[in-house]
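Asker: If you scroll down you'll find the structure; I have some questions about it.
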Amino acid sequence: MNARTKAIDGSRLHTYNNCLVLNTIDRPIGSTHSKHADIIYPINYGYIPGVIDGDGEELDVYLPHRHNDGEDKLVAAPEGINFTQAEIAEAVHFQEQYYESEIETMSQLNFISKEPIKKGWSCDKKYCVTAADGVKYLLRVSPEEKNANRADMFRMQQQLATLGVSMCKPVEFGKCDEGVYTVQTWVDGKDAEEIIPYLVDSEQ
């Protein structure tokens, strides 16, 4: 892809999703921030030559969309390697912790089956989905007006997952035609209401 284009804004960042781009790494892993000595880059950090972002500088590569800042950033991965939103969020936290940012990605999961889950009390549509590699996931689709709430829930799930809590771990959060979606790991089990009547008091 030819990266030398006119200035862009956040709404056009999706143009670069899933594209092969040439970038320059000027702050490799272990480098110290030029203005903030306490910031050590835990990832390779650079820019796409010739692509000007909202701050007037060349577009940084490393894809959080910032709600309270004039510039956005791209996440670049070696060809053939994909990262989940949770992995990206963890890797860029060293700098994004100072901003209200959102990870925008194109889903790398290719679902080959989708079975509705007709249980629960939320307004979400729930499915057991199977990816091309045979791995099952929990897919939840929420109305657009639940975007902020579901984004907060996804971040809290990410924090809980780092504590080793036995749970459906967050994999991906994003927008879709029906609103917003969340993908979590699938945990096999049985409904509590089916099992509890057969448990003794101490087990309940």
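Asker: Which ordering of Ile29, Ile39 is given by a fewest-first count of other beta-carbon atoms within 10 Å?
Answerer: Ile29, Ile39
Asker: Lys169's amide H: which non-local residues (gap 5+, or another chain) put their own amide H closer than 5 Å, with H modeled 1.01 Å from N in plane and none for Pro or chain starts?
Answerer: Long-range HN contacts for Lys169: Thr185.
Asker: What base-10 log of the normalised intensity I(q)/I(0) is obtained for segment 111-185 from the Debye formula, alpha carbons as equal point scatterers, at q = 0.12, 0.13, 0.14, 0.23 Å⁻¹?
Answerer: The Cα Debye sum returns log10 ratios of -0.33, -0.38, -0.45, -1.14.
Asker: Here is a follow-up. Would you mind giving the average projected area, over all directions, of the Cα convex hull of segment 152-204 in nm² with one decimal?
Answerer: Quarter of the Cα hull surface area: 5.5 nm².
Asker: Something else: Would you order Trp121, Trp186 from fewest to most other beta-carbon atoms within 10 Å of each residue's own beta-carbon?
Answerer: Trp121, Trp186
All of the numbers you see were taken from the coordinates with simple rules; none came from a lab. These numbers come from a predicted model, not from an experiment. Neighbour counts are summed over all protein chains in view; Cβ atoms, including those assigned to glycine, are modelled from backbone coordinates with ideal geometry.
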